[in-house]
Amino acid sequence: MESQVALNFLLLMFSGSVNRRQQDVIEYLRTENDILREQLGQERIKFTDDQRHRLAVKGKALGRAILKKLGPIVTPDAILRWYRELIAKKYDGPGRPKTDKEIEDLVLEMARSNSGWGYTKIRDFLRLLGVRVSRNTVKRILKENGIEPAPQRSKRTDWKSFLTNHLEALAATDFFTVEVLTRVGLVRFHVLFVIEVSTRRVEIAGITSQPNEAWMMQIARNLTFDDDGFLHGKEYLVHDRDPLFTEAFRDLLRSADVEPLKLPAKSPNLNPYAERFVRSIKAECLSKMITLGERHLRSAIREFVDHYHRERPHQGLDGNLYYREAV
């Protein structure tokens, strides 16, 4: 099970992340399309209705700006026009009655949350909920919304789905730095924190001006110590490629049944909860003050974290406070 999760994670990192390789892919596809047009000359490409349908759904999801970058063999205006015509057909003219919007949303939610479920399994689970639809209806709904069949869908699990499916088992960690005015001048302090993704609960794991492997190993032991460690009950810890997250640090986490998930280079969007906390503490606290010594820094961070838990509403929690949700 764990090996399958790790494999899925590696796949989604390359398929779902926005990183520096993406621009290379776009440039390659653009060049390929240019060569294709040169080969065709003035000959017009004929598309079937099914091909127009697929291009329209995928093109609408990308938007006009990205379509222009790709240099598609069909103009962005044509793709978006096909999409408008597709929508019009769904609501215009005689034919089979339209499936209730509520049922359609339920089918889409099941497919997106369970990448391995095929048309038949979704139909059967709907029946357990008292909703009777045919297998072909499920197939049509998914096709109209650009969702691929289960075999293809399960190979392309995106990062958002991974986070949703493992929300309660996930924690994330990251560093941020603070320039502190001391008796010897400005000293840069490194602050390591861990955030529980499902609740946004934060633990300041360590503050030091000289981070090293020994310091990191002690932090790993603190985080995984029996039932008192912050990572108790967690299965995964998301972290970036900072060299301080050494293999020894990662092995210590694994020995406590916490799998470290190293993100691709230059992909802060894959660690959004940790990045959001860094922006919050800097914008709302640290950037508005001059920290005078390590003690002052620790006090300021401690007070902000207490405010973050007890007084600050979180958009990702529907405006609720962590503290009220947790007790």
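The values are calculated or read from the model by the stated rules, or taken from the named source; none is laboratory data. Everything quoted here is computed from the prediction, not taken from an experiment. All Cβ positions, glycine included, derive from the backbone under ideal geometry; neighbour counts span all protein chains shown.
For the stretch 119-131, check the following and say yes or no: at least one residue is within 17 Å of VAL57 (Cβ to Cβ), modelled with pLDDT under 85 and among the hydrophobic types (A, V, I, L, M, F, W, C). No; the residues of the stretch 119-131 include none that is within 17 Å of VAL57 (Cβ to Cβ), modelled with pLDDT under 85 and among the hydrophobic types (A, V, I, L, M, F, W, C).
Report yes if some residue within the stretch 77-91 is in a loop (DSSP other than H, G, I, E, B) and modelled with pLDDT of 70 or more; otherwise report no. Checking the stretch 77-91: not a single residue is in a loop (DSSP other than H, G, I, E, B) and modelled with pLDDT of 70 or more. The single residue among ALA283, ALA256 that is hydrophobic (A, V, I, L, M, F, W, C) and surrounded by fewer than 16 Cβ atoms within 10 Å (Cβ to Cβ) turns out to be ALA283.
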